[in-house]
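K.L.:
Right, I'll just put the structure down here and ask away after.
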Amino acid sequence: MLIGVVKLQFTKMHGLGNDYIYIDAMANDLSAYDLETLAAVLSDRHFAIGGDGLILVDASDMADFKMRIFNSDGSEAEMCGNGMRAFAKYVYEHRLTDKLDFEVETKAGIIRPSLQLEGDEVVRVCVDMGPPRLNRADIPMEGEPADAPVIAEELQVADYAFTVTCVSMGNPHCVIFVEEILDDMIYIFGAQIEHHELFPQRTNVEFIEILAKDELRMRVWERGAGETLACGTGASAAAVAAILNDYCGDAVTVHLLGGDLQIRWREGESVFLTGSTHETYTGTVHPSLLREAEA
């Protein structure tokens, strides 16, 4: 294959600064590449496009589209709320669909975004994230009882004990409520908790301040990416955890470094995530980068 003449088109998008490289896998032949390596190469912020990861727009046998998500370290993720909102904007504005409500296949199951327009532009997306998974085994998290939730449980990390509530939004989250979020919590403990032996698939880590009965502040250490400006599944998990601990009601605004998300959840129902999303630019990947990812 003459990889030097291949032109791979991409679009850069973000939801509250949680930025991803989008590639239409239906229009671009990716068979020559190792996708994990491609994601890591393209996500490099100094030597390539840069981003929190790579998202592929693909065809599905069970839904309108299929979304595959690769973190910046190359690992494949199950689901990304901000990524899904930008995905929904992408397929509508790139004329891959004319539906305002549709279904997307992910490794976490079928996700249903709903678009809000101003003229022909998608300005907000509400995503039915499905119900949270609360039992320990479903997060997944080691320990007993496997069929019970993990609410306000002690987690030992080196010489420090955190009180954690764990939730799966199709991917694992460890939510920690604190009086004040400090940089050391993110940069010292984020990676340690991500790789803690109790989480066999690693975990995302959210540090949360309670501001009011309907308001949270959050910083997130994302599995496979480090600290990011926003995380939709993380904000969803944080709201669910706050409700489970009786800190908040069923409608919560979550303030992240990149902006705000609105979360609604009632026990036994789906989590609904709403926020803005933006396309920043499109381009063509230089052949020299593609050579690095050749399978």
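K.L.:
Once label points are set 7 Å from the Cα along Cα→Cβ at both residue 94 and residue 281, what is their separation, rounded to one decimal in nm?
P.N.:
1.7 nm
K.L.:
Considering Cα pairs under 8 angstrom that are at least six residues apart, work out the relative contact order of the chain and quote it in whole percent.
P.N.:
The normalised contact order for the chain reaches 22 percent.
K.L.:
Quick one, what does Rg over Rh come out to for the chain if you take C-alpha atoms and the Kirkwood Rh?
P.N.:
Ratio value, two decimals: 0.97.
K.L.:
Where both residues lie in the range 136-269, what percent of DSSP beta bridges are antiparallel, nearest 5?
P.N.:
Working: 27 of 35 bridges.
Antiparallel: roughly 75 percent of the beta bridges in the range 136-269.
K.L.:
Any idea what angle helix 232-244 forms with the longest principal axis of the chain, computed on alpha-carbon atoms, 0 to 90 degrees, nearest 10?
P.N.:
It is inclined by approximately 20 degrees.
K.L.:
Per 0.36 nm of contour for each residue apart, how much would the distance between residue 269 and residue 294 grow if the chain were fully extended, relative to their Cα-Cα spacing?
P.N.:
On the way: separation 25, 0.36 × 25 = 9.00 nm, distance 4.36 nm.
Additional length available on full extension: 4.6 nm.
K.L.:
Sticking with this one: For residue 130, list long-range residues whose amide hydrogen, built 1.01 Å from N in the peptide plane, is under 5 Å from its own amide hydrogen.
P.N.:
Excluding prolines and chain starts, which carry no amide H, the hits are 271.
K.L.:
Hey, another quick one. Taking the dipole about the Cα centre of the range 136-269, with the C-beta of Lys and Arg at +1 and of Asp and Glu at -1, give me whichever of 170, 139, 203 is farthest to the positive side.
P.N.:
So the residue furthest toward the plus end is 170.
K.L.:
How many angstrom lie between the C-alpha centres of the range 93-115 and the range 210-243?
P.N.:
Centre-to-centre (Cα) distance: 23 Å.
K.L.:
For the chain, what does the helix formula give at 222 nm: sum of -39500 (n - 2.57) over DSSP H segments with n ≥ 4, over the residue count, nearest 500 deg cm²/dmol?
P.N.:
Helix contribution divided over all residues of the chain: -4500 deg cm²/dmol.
K.L.:
How long is the gain from residue 135 to residue 121 if the chain were fully straight, where each residue apart is worth 0.36 nm and the alpha carbon distance is subtracted?
P.N.:
Going from the current span to full extension adds 1.1 nm.
K.L.:
Let me ask something else. If each of residue 257 and residue 212 carries a label point 7 Å out from its Cα toward its Cβ, how far apart are those two points in nm?
P.N.:
Distance between label points: 2.5 nm.
K.L.:
Where does helix 81-93 land angle-wise versus the long Cα axis of the chain, in degrees 0 to 90, nearest 10?
P.N.:
Taking the Cα atoms of the chain, the angle to 81-93 is about 30 degrees.
K.L.:
Place a +1 charge on the Cβ of each Lys and Arg in the chain and a -1 charge on the Cβ of each Asp and Glu, then give the dipole magnitude about the Cα centre in debye, rounded to the nearest 20.
P.N.:
Around 680 debye, computed over the chain.
Readers should treat all values here as calculations from the given coordinates under stated rules, not as data from a laboratory. These figures come from a predicted structure and were not determined experimentally. Neighbour counts are summed over all protein chains in view; Cβ atoms, including those assigned to glycine, are modelled from backbone coordinates with ideal geometry.
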